[in-house]
Amino acid sequence: MESTISTIGVVGAGQMGHGIAQVAAMSGFDVRLSDRDGDALDSALQSIEASLDKLVSKERIEPQARDSALDRLETTTDLGDFADCDLVIEAIVENMNAKAELFRTLDDILDDEAILATNTSSISITALAAHTSRPDRVMGMHFMNPVPIMRLVELIEGLATSGETSQSVEEVVQRMGKTAVFSQDSPGFLVNRILMPMINEAVFALHEGVGSAEDIDAAMKLGTNQPMGPLTLADFIGLDTCLAIMEVLHDNLGDSKYRPCPLLRNYVAAGWLGRKAGRGFYNYQ
């Protein structure tokens with residue numbers, strides 16, 4: 001059965017949200033991008049335009065494709081404008097209470113047949129779905145950062161997610177030119193279940209003086225052929241996000257191997273969150 005999804009809503013105009021909105025608009029979907037902060041929406045739109053202009057300058061897309069994508073994209077601070085969306089993808093802060101509140105609000109706004117998806121990197125899909133009247137139409141749709149470049153999308157079914165919902169969302173991913181992998185609804189899913197403990201162990205190595213940040217990153221880049229060292233990657237992701245995911249893994253799996261490094265906690269407490277804050281394991285001032 002061919003997917004009937006034509007209009008996609010994206011909640012959250014941060015790096016992930018505006019990346020998802022850009023890819024959706026480029027793939028022919030009508031897109032509504034929402035955020036409570038009008039300035040964040042303006043900044044997101046500027047980033048999307050700059051990204052599309054760069055693709056045109058590199059002759060990756062035609063100017064007409066850029067213009068068409070921008071024509072399909074609307075921004076709004078009012079979630080009521082999502083009433084006719086077929087699929088809404090949540091990309092707000094990695095916090096269960098905030099996501100649950102948003103899902104309850106959207107559940108009241110959307111048509112009964114609309115699908116609610118979350119870009120969460122670690123939170124239970126089943127638990128989120130329980131805050132709605134449509135648990136069969138809720139699914140995890142975890143994009144990688146930066147969204148326009150990274151090909152992977154993790155798809156996660158909750159306990160009640162229907163096969164029809166799963167198929168519709170997979171078709172959206174394919175239309176976006178992405179590759180889908182399916183994960184069980186387990187903390188961290190696939191990517192972060194493996195990636196975040198590696199990053200956390202690199203922070204422990206720094207914390208214990210096993211090596212400098214530069215040497216740890218160089219060792220992993222050159223020794224394991226990774227494009228980016230784990231501490232540089234942590235700065236790119238955001239140390240607050242890394243900590244939040246490690247806490248979900250530790251709290252839900254109960255294994256001490258997922259204990260967040262004290263140095264990671266200290267950096268987050270200091271506001272040294274990585275690139276976005278100008279300082280993390282490296283100084284970006």
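Numbers below:
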| quantity | calculated |
| --- | --- |
| For ARG279, residues with placed amide H under 5 Å, excluding near neighbours | LEU273, GLY274, TYR284 |
| DSSP loop trypsin sites (Lys or Arg not before Pro) with at most 14 other Cβ within 10 Å excluded, longest remaining stretch of the chain | 152-285 |
| Long-range HN-HN contacts of THR75 with modeled amide H, under 5 Å | LEU33 |
| Neighbour-count ranking [beta-carbon atoms within 10 angstrom, fewest first] of ILE92, ILE20, ILE61 | ILE61, ILE92, ILE20 |
| Amide H partners (placed H, <5 Å) of ILE115, local residues excluded | LEU87, VAL88 |
| Distance from the range 179-227 to the range 108-144 (C-alpha centre basis), Å | 28 |
| Answer label, with percent of Cα pairs over 28 Å apart calculated from the coordinates and candidates [x] 38; [y] 55; [z] 34 | [x] |
| The chain, relative contact order [Cα under 8 Å, separation at least 6], % | 14 |
| Residue-averaged [θ]222 nm for the chain, counting only DSSP H segments that reach four residues, each worth -39500 (n - 2.57) | -14500 deg cm²/dmol |
| Exposure proxy order (Cβ contacts within 10 Å, fewest to most) of HIS131, HIS142, HIS18 | HIS131, HIS142, HIS18 |
| Nearest 10 degrees, 0 to 90: helix 191-207 Cα axis against the chain principal axis | 30 |
| Sites ILE61 and MET144, calculated FRET efficiency, Cβ-Cβ separation with R0 22 Å, nearest 0.05 | 0.60 |
| The range 142-216: relative contact order in percent, alpha carbon pairs under 8 Å with at least 6 residues between | 25 |
| Percent RCO, i.e. relative contact order, over the range 182-285, from Cα pairs under 8 Å lying at least 6 residues apart | 28 |
| Ranking of ASP67, ASP235, ASP81 by count of other Cβ atoms within 10 Å, fewest first | ASP67, ASP81, ASP235 |
| Estimated vicinal HN-Hα couplings, Hz - the range 144-151 in sequence order (Karplus 6.51, -1.76, 1.60; Gly, Pro = x) | 9, 9, x, 4, x, 9, 6, 8 |
| Gyration tensor verdict on the range 187-232 (Cα atoms; rounded if a/c is under 1.5, prolate if a/b is larger than b/c, oblate otherwise) | oblate |
| Full-stretch length increase - VAL210, ARG259 - with 0.36 nm per residue and alpha-carbon distance subtracted | 15.8 nm |
| Linear extension gain, THR4 paired with GLU171, 0.36 nm per residue minus alpha-carbon span | 59.1 nm |
| Mean-position separation - Cα centroids, the range 31-63 and the range 246-285, in angstrom | 30 |
| Electrostatic dipole magnitude of the chain [Cβ: Lys, Arg +1; Asp, Glu -1; Cα centre; debye, to 20] | 1080 |
| Percent antiparallel among DSSP beta bridges (both partners in the chain, rounded to 5) | 20 |
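Throughout, read-outs are computed from the coordinates displayed, never taken from laboratory work. Quick caveat, the model's predicted, so the values are computed rather than measured. So basically every Cβ, Gly included, is an ideal-geometry build from the backbone, and we count neighbours across all protein chains shown.
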